[in-house]
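The values are calculated or read from the model by the stated rules, or taken from the named source; none is laboratory data. Predicted model only: the values in this text are computed from it and were never measured. Cβ: placed from backbone, ideal geometry, glycine included. Neighbour counts: every protein chain shown. For accessibility, only protein heavy atoms count, side chains too; no ligands or nucleic acids. Shrake-Rupley method; radii C 1.70, N 1.55, O 1.52, S 1.80 Å.
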Amino acid sequence: METKLDRFKVYNFRSIEESDWIEASDNSCLVGTNEAGKTNLLIALWKLNPVNNEPIIPLDDFPRHLYSNYKADNHSEDVFIAADFLLKEKFQEEIARELKCDTEQIKRVLVERRYDGKYYIKFPYSKVESYETETVRELFESFESHLYGSETFLKESTDLQDSIKAFLKSKIEKFPKDLFSKTHTLELNESIKSFIQENFGKKKNLPEIFELSLIKKLQKMIDAFDGKPIQSTSEINQKVLKEIPKFVYYSDYGNLDSEIYLPRVIEDFGRDDLSESARAKARTLDVLFKYVKLSPTEIYELGNESNTIVEKVNQYNQVVSTEEKELTEDEIREWADKKRERGILLRSAATQLTQKFKKWWLQGDYIFDFQADGRHFRINVSDSLRPEPIELEGRSRGLQWFFSFFLVFLVETKEGHSNTILLLDEPGLSLHPIAQYDLAKFFRKLSEDNQLIYTSHSPFLVDMENLGNVKAVFVDTKTGRTKVSSNLRYNEEDAEKSIFPVHAALGLTVSDTLLLGCLPILVEGPSDQIYLSLIKRHLIGKGELKNTKEIVFIPTGGVRGMGPVTKLVSSRDDSLPYVLLDSDSVGKDYQKQLTKGRYRDEKDKVLGVADFLGDKDYEIEDLIPVTSLIPIIDRQYRSDQYFEDYYKKDEPIVDQIEAWATKNNIELGKGWKVEIARIAQNRFDKVMENASKEMEDNWKKLFDKLTTEK
C-alpha cells in the first residue's frame, strides 16, 4: 500500500474560516452549491504539496477581510492546511527503527503547512488504544521462528525446549479474539518475565533472545498504550515530505486554446506576477510543450524564415538601419534539418497522444494533429465522422476540458510523481450528461491507482455505487463556516440545497433501472446500500452470483420513501420490486403494512433481515461479520470501555452500539451508520476475510431470493 491521504482540514484560507476534518477515500466526491467553499477546500489541499510548485500567495489566499492584519500580526506563520497521512508499511518500519518506537505509533503522520511555505511534521497519534490480535500473533510467530532456529535453543535439553514451546503455545491459545488491550499486553509481558525467571536460572543467552526479540517489542507496545511522545528529527521530517503524495489540481481555467501565440507564451513563462487563471493556462501550456518535447522558444526559433534580420543601433541603442543577411547553403541545410526534426517530433507526439487518449475518452474516436509555424502553435482534431481537421476550440467545451486535463495528468504524474492525488474542481461541467456518466465510471477506474477528490453539483457525477464517500459541503448560516457532512438526508436545513445532486442522482438511478433493464432492490438508507453492495461484490468474486441483470440497491430515505420509489421502479407489467427492510420495530410494522396493502398479491417480495438470521430485531449491519465491525466502532469512538467487551454474541448489534454509546456518554451523531459503513467499504478485503461459512450461506440465500424472477 502506498502512503495515502486519510483526512484534511483547512484554516483561514480564502472564504474558509475553519473547516471540519474531511475524510478522504480512494474516490471522494464533495457536492454542494456555488459559494459553499468546495473550490477553496481543494486549492488549500493542493498547496500542501503541489506537483507544479504552485505558489502560496497571501494576497489571494489569506481571508480578504483579515488581510489588513496579515503583516502586523505575523500571520505568515499561520497554518492554513493540515492533513493526516497513513504511511506505507515499509516506510513505517524504517522510521520506527530510527525513532525507536512501535510502528503503530507512527503509522499516521500529521503534515501542516504555513503561509510562509514552511512545514510542521508531527506524530501526535502515539497513544494506541488497541492492537489487532493478528499483530501480536505475527510478533510471536516471528519470535518463534528466530528462537527455534538459533544455536542457543538447539543446544538446550529436549525437556527445556518442550517447556518453552508449550509455554508459548499456551500464551497464543489465550490471545483475545480480535483486539489486544493494554491489560492483555501487560499480563502477557509479566508472564513471560516470570517464565524466564522460573525456568532459565543463570542462563544468559536464552533470556537475551527473549529480551531483545520479544519483551523489548512488547514494551514498545506498552509505551504506545501510554501515549509516549514521539520526537521526530529534521532528517525524518525531510523523509516524510518526500514520502507523502503530490497533489495535481485541475479546473476549467487551464483549458487549452486551439491556437497558441508563442511570443506571449514565452513572455508568460518568464513572469512571476500572473493571475491565478493566467497561471492555470500557463501551466497547461507548460505540460503541452513538455509532452511534445520542444520548448516554445525552440518552436519559435525554428519557425523563422531562412533570412536573418540584422539591426544597427546608435550610441543611444536606437535602431538606425536594418538589413537582411542571406544564410549560406550549409546554414540553410542545417535550418531545414531542424525544421524537419521539429515536424517529426510534433507528428510523433500527436500520434502517441491519440493512442493514449482513446483509452480514456469514450465519447468518440479522435485524432490529434500538432502544427507550428514561426509565431503560432496549433492543435487540430478530427474523427471518423468529421475527418477534416478542426481547431480544438471549434470542438465541444467538454472535449477541450477533457483533453486539457488529460495532458496535465499525463505529464505531471509521470514527472517522478507516481504517487499523486488528483483534485478536480467541477470536472466535466460542460460534458453531455451521458459523458458525465462515463466520467464518473472513469473516476472509479482512475482511483484504483490514484486517490481522487472532486467537487460537483451535477447529479450525473454522483456515483451511486460510491455513495459512502460522497459528502455534502455547505455554509452553516449560524457561524458562516464551511461544513462538510456525510449525512445525505434532508434533515439539515443548511445542507438541503447542497445534497440535492445526491437525491437527483437517486432519481437517475431509478431511471436506469427502467431504461437499462436492471434489477432494482429497495432498501431504507445509504448504509444498507453500501453493505449489500459489498456482499454482492464478494459473492460475484467467488462465482456465487451469476445473475444476468445488474442488481441496483436503491436507498429510499427510510420507510416513508418506499411508497413513492416503489411506483417509480415498478416494471411495465406492474411487477413490483423487491423490498428489503431492517427487522427493527419500524421495519416490521412497515413490512406488515406493505403485505396488507400494495404488496398483498406479491408478499414474497417484502423481506426482512430477520428472515435470514432469526427472530430478533436484526438490521442490515447484522449481515456483516461482527469481528469486522467491532474494531471499527472501537477506533471510531474512543471510550474507557471497549465495545468489544460490551458486545453480547448473537444479539442485534445496532441496539447494542447505541446502548453502549449512551452508557459511555458517546455522541454517535447523525448518520453514524453511514459513516461506519463507509469505513467498512474502504476496508473491503479485511471485512470479508472474517466472513464465516454460515454467514456466506445466509448471503447466498438472501441473494437467491432477491434474484428470483416472479
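What share of Cα pairs, in percent, lie more than 14 angstrom apart in the stretch 20-84?
Value for the stretch 20-84 (Cα pairs over 14 Å): 67 percent.
Taking the solvent-accessible surface of protein heavy atoms with a 1.4 Å probe, what is the per residue accessible area of the chain in Å²?
Accessible area per residue: 50 Å².
For residue 391, which sequence-distant residues (separation of 5 or more, or a different chain) have an amide H within less than 5 Å of its own amide H, given hydrogens modelled in the peptide plane?
381
Can you list the HN-Hα couplings for the stretch 128-135, worked out from phi with the Karplus curve (6.51, -1.76, 1.60; θ = phi - 60°), rounded to whole Hz and with x for Gly and Pro?
Couplings: 9, 7, 6, 10, 5, 4, 4, 5 Hz.
Among 419-429, 136-146, 623-633, how do they line up by average Cβ neighbours within 10 Å per residue, starting with the highest?
419-429, 623-633, 136-146
Once you have a ≥ b ≥ c as the square roots of the Cα gyration tensor eigenvalues for the stretch 150-265, tell me rounded if a/c is under 1.5, and otherwise prolate or oblate according to whether a/b is larger than b/c.
prolate
Go ahead and collect, in residue order, the members of the stretch 135-173 whose backbone nitrogen is under 11 Å from a label point 7 Å along the Cα-Cβ direction of residue 198.
167
Describe numerically, in nm with one decimal, the distance between label points set 7 Å from Cα along Cα→Cβ at residue 116 and at residue 636.
4.1
From the phi of every residue in the stretch 44-57, what ³J(HN,Hα) in whole Hz does the Karplus formula 6.51 cos²θ - 1.76 cosθ + 1.60 yield, where θ is phi - 60° and glycine or proline is x?
Residue by residue, the stretch 44-57 yields 4, 5, 4, 6, 5, 7, x, 4, 9, 6, 3, x, 8, 10 Hz.
Please work out how much length the chain gains when fully extended from residue 648 to residue 290, using 0.36 nm per residue of separation minus the C-alpha to C-alpha distance, in nm with one decimal.
This chain segment gains 122.7 nm when fully extended.
Which label marks the calculated value of semi-axes √(5λ) of the Cα gyration tensor in Å, given the options (i) 43, 33, 26; (ii) 71, 39, 23; (iii) 53, 39, 25?
Among (i) 43, 33, 26; (ii) 71, 39, 23; (iii) 53, 39, 25, the one calculated here is (iii).
What is the Cα radius of gyration of the stretch 587-688 over 2.2 N^0.38 Å, N being its residue count?
Working it through for the stretch 587-688, the quotient is 1.25.
Return the long-range amide H neighbours of residue 247 (sequence gap of 5 or more, or a different chain), with a cut-off of under 5 Å between placed amide H atoms.
49, 51, 421
Could you derive backbone 3J(HN,Hα) for the stretch 86-91 from the dihedral phi with the Karplus parameters 6.51, -1.76 and 1.60 (θ = phi - 60°), listing whole Hz in sequence and x where the residue is Gly or Pro?
8, 6, 5, 4, 4, 5
In nanometres, what is the gap between the two model label sites at residue 694 and residue 71, each 7 Å from Cα along Cα-to-Cβ?
7.3
For residue 162 and residue 331 in one chain, what is 0.36 nm times their gap in residues minus the Cα-Cα distance, to one decimal in nm?
Value of the extension gain: 52.0 nm.
Apply 1/(1 + (r/R0)^6) to the Cβ-Cβ distance of residue 177 and residue 344, taking R0 = 51 Å, and write down the FRET efficiency to the nearest 0.05.
0.15
Figure the gain on full extension for residue 272 and residue 134 (residue separation times 0.36 nm, minus the Cα-Cα span) and round it to one decimal in nm.
Residue separation times 0.36 nm, minus the Cα-Cα distance, leaves 44.3 nm.
Which entries of 596/649; 174/228; 648/693; 169/648; 9/358; 38/122 have Cα-Cα distances beyond 32 Å here?
596/649; 9/358
Given H placed 1.01 Å from N in the peptide plane, which residues other than close sequence neighbours of residue 462 have an amide H under 5 Å from its amide H?
Residues meeting the criterion, in which the H sits 1.01 Å from N, do not exist here.
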